[in-house]
Amino acid sequence: MSFKRSLEDIKKKKEEMRTSVFSGAEMMWVLWETKQEIIDRVLPPPLEPIEHPIALAFVANYPSHSYGLPYTEAALILRCQFKGELGNYFLAMPLTDDRATFAGREIWGFPKKIANVHFKKRDNEIYGYSERLGVKNIEIELKLTGKFNEEETPGIVAEIDMIPKRGKGTTNYLFKHFVHPTKEGFDYNPWLVKQKTTSKIKSMQMGEANIILNSTIHDPWGEIEIVRTLGGMYLQTENEMYPGEIVAEVDPDEFLPYSYIKWDWY
């Protein structure tokens, strides 16, 4: 083993790691209605809002994956679109594993930060939270009652294409960028990256959710105000993440106000 890898080893590793596989994943998803003006404020162009101002969050347990050790993860997401294709824009993605943090941030641009993420299922009740710097930014209780909080939630879930059709996968929109070594501007004009993840759903259960959001100056989760809790789901899946593609180059000055979600506001 050496700090310098051979080209043969690099080629082999790239082939092995072309896709990231998550076996035995279990995820608690919740969704809520927020305000359109909030979406308009925090969604970076060229992404566009959809008709309904819907926010999503999940807390997940990954017992086995390509990176090695098990970890837990959460995410705060806005449903959006780019050139008519629906997808997820990630505002935050706290997790417990450093290797998954580096891979997600440096390869695709996921806004990952190390945090204390808790996931616990007991019979038909699930409790989860993400905690950073002593504050639980999201806390979720989900009771698997076989129904959502609101009767119209199944229609909304279908309309926003939250559960992708077999073989289609989920589209994620990410902004990849790095601060210039001089701390002035970026290394290059930021890229909008489209990345696909497929999920083989083993089981799915509906539930009634209770969500609490809290903000700090570093993690302003509470900005995505909960107007109405729509419900939640518990899924057991096999996930596979695929390489991304650059779909747009973004004006650096226009993007700058949106660029601080990956770092704490020191």
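So Asp97 fits all but one of (1) of a type in the set (D, E, K, R); (2) surrounded by fewer than 21 Cβ atoms within 10 Å (Cβ to Cβ); (3) within 26 Å of Met204 (Cβ to Cβ); what number is the exception?
(2)
Would you check if there is a residue in the stretch 60-67 being touching a helix residue (DSSP H, G or I) at 6+ places or on another chain (Cβ under 7 Å), hydroxyl-bearing (Ser, Thr, Tyr) and either in contact (Cβ under 8 Å) with a residue 40 or more places away in the chain or under 28 Å from Phe255 (Cβ atoms) (or both)?
Scanning the stretch 60-67, I find at least one residue that is touching a helix residue (DSSP H, G or I) at 6+ places or on another chain (Cβ under 7 Å), hydroxyl-bearing (Ser, Thr, Tyr) and either in contact (Cβ under 8 Å) with a residue 40 or more places away in the chain or under 28 Å from Phe255 (Cβ atoms) (or both), so the answer is yes.
Please work out which residue is farthest from Arg79 (Cα to Cα), limiting yourself to the stretch 212-225 and to residues that are crowded, with 18+ Cβ neighbours inside 10 Å and touching a Leu at 6+ places or on another chain (Cβ under 7 Å).
Of everything passing the filter in the stretch 212-225, Trp221 is farthest from Arg79 (Cα to Cα).
Is there a residue being within 15 Å of the chain's Cα centre (by Cα) and among the β-branched types (Val, Ile, Thr) anywhere in the stretch 199-218?
No, the stretch 199-218 contains no residue that is within 15 Å of the chain's Cα centre (by Cα) and among the β-branched types (Val, Ile, Thr).
Yes or no: the stretch 226-248 includes at least one residue that is surrounded by fewer than 18 Cβ atoms within 10 Å (Cβ to Cβ), aromatic (Phe, Trp, Tyr) and more than 19 Å from the chain's Cα centre (by Cα).
Scanning the stretch 226-248 turns up no residue that is surrounded by fewer than 18 Cβ atoms within 10 Å (Cβ to Cβ), aromatic (Phe, Trp, Tyr) and more than 19 Å from the chain's Cα centre (by Cα).
I'd like to know if the stretch 182-190 contains one or more residues that are more than 17 Å from the chain's Cα centre (by Cα) and surrounded by 15 or more Cβ atoms within 10 Å (Cβ to Cβ).
yes
How many of the residues in the stretch 62-111 are at pLDDT 95 or above and among the polar types (S, T, N, Q)?
Within the stretch 62-111, residues that are at pLDDT 95 or above and among the polar types (S, T, N, Q) number 4.
Tell me whether the stretch 17-24 contains one or more residues that are at pLDDT 90 or above, buried (at least 18 other Cβ atoms within 10 Å of the Cβ) and either out of contact with any Phe, Trp or Tyr (no Cβ under 6 Å at 6 or more places or on another chain) or closer than 24 Å to Gly244 by Cβ (or both).
No, the stretch 17-24 contains no residue that is at pLDDT 90 or above, buried (at least 18 other Cβ atoms within 10 Å of the Cβ) and either out of contact with any Phe, Trp or Tyr (no Cβ under 6 Å at 6 or more places or on another chain) or closer than 24 Å to Gly244 by Cβ (or both).
The values are calculated or read from the model by the stated rules, or taken from the named source; none is laboratory data. None of these values were measured; they are calculated from a predicted model. Backbone-built Cβ (ideal geometry, glycine too); neighbour counts: all protein chains shown.
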